[in-house]
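What follows is a short report on a single structure.
The values are calculated or read from the model by the stated rules, or taken from the named source; none is laboratory data. Because the structure is predicted, anything quoted here is derived from the model rather than measured. We place every Cβ from the backbone using ideal geometry, glycine too, and count neighbours over all the protein chains shown. Ligands, DNA and RNA are excluded from the accessible area calculation, which covers all protein heavy atoms including side chains. Shrake-Rupley method; radii C 1.70, N 1.55, O 1.52, S 1.80 Å.
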Amino acid sequence: MATKDGEYGAITDATEDTETLCDLVKKTVEEKTGKKYVEFKAVKYRQKDVVGGTNYLIKVHVGGDDYIYLTVFENIGEEVFLHDVQDHQTKDSPLVPF
């Protein structure tokens, strides 16, 4: 949950719902990065409530020592949109907005 208006909340372990969001945008992520991911598992996330829905910042393990970050928007109608992808992350990379 967000701490102040406009800020992402605390880093939390990924949930089944977070994994579902990742599954919904996986194809778009692969198109954007030009890579096919065999492993694609949400591990941590932060969220920020905004007008019209929720923004998510999600750390996804994509195999080996590799992680990517996703920014995903879910509107109040439960439609999910990928905003951006940041690759070349590690297990210890801080989960901060990009």
**Prompt:** How far is helix 16-33 tilted off the main Cα axis of the chain, in degrees rounded to 10, range 0 to 90?
**Reply:** 60 degrees
**Fill in**
Averaged per residue, the 1.4 Å probe accessible area of the chain, protein heavy atoms only, in Å², is roughly 61 Å²
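Per the helix-only calculation at 222 nm, which mean residue ellipticity applies to the chain, given -39500 (n - 2.57) for every DSSP H run of n ≥ 4 and division by its residues, nearest 500 deg cm²/dmol?
Working: 1 runs with 18 residues, N = 98.
My calculation for the chain gives -6000 deg cm²/dmol from helical runs alone.
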**Complete:** Under the 7 Å Cα-to-Cβ spin-label approximation, THR15 and LYS32 lie apart by a distance in nanometres of 2.3 nm
**Message:** To make sure I understand the rule: partners must be lysines, Cα under 24 Å from the Cα of LYS48, and not fewer than 8 residues away in the same chain. Which ones qualify?
**Reply:** LYS4, LYS26, LYS27, LYS32, LYS59, LYS91
**Message:** Within region 70-97, list the residues whose amide N lies under 12 Å from a label point set 7 Å along Cα→Cβ of GLU39.
**Reply:** 91
**Prompt:** What number comes out for the charge environment of TYR67, summing +1 per Lys or Arg and -1 per Asp or Glu over other residues with Cβ under 11 Å away?
**Reply:** -1
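Largest first and in whole Å, what are the equivalent-ellipsoid semi-axes of region 33-98 based on the Cα gyration tensor, each being the root of 5 times an eigenvalue? Could the numbers behind the result be given before it?
Numbers: eigenvalues 100, 34, 17 Å².
So the equivalent ellipsoid measures 22, 13, 9 Å along its semi-axes.
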**Asked** Given charges of +1 on the Cβ of Lys and Arg and -1 on the Cβ of Asp and Glu, with all other atoms neutral, how large is the dipole of region 1-74 about its Cα centre, in debye to the nearest 20?
**Response** 240 debye
**Within the accessible area of region 35-98 (1.4 Å probe), percent carbon and sulfur** = 50 percent
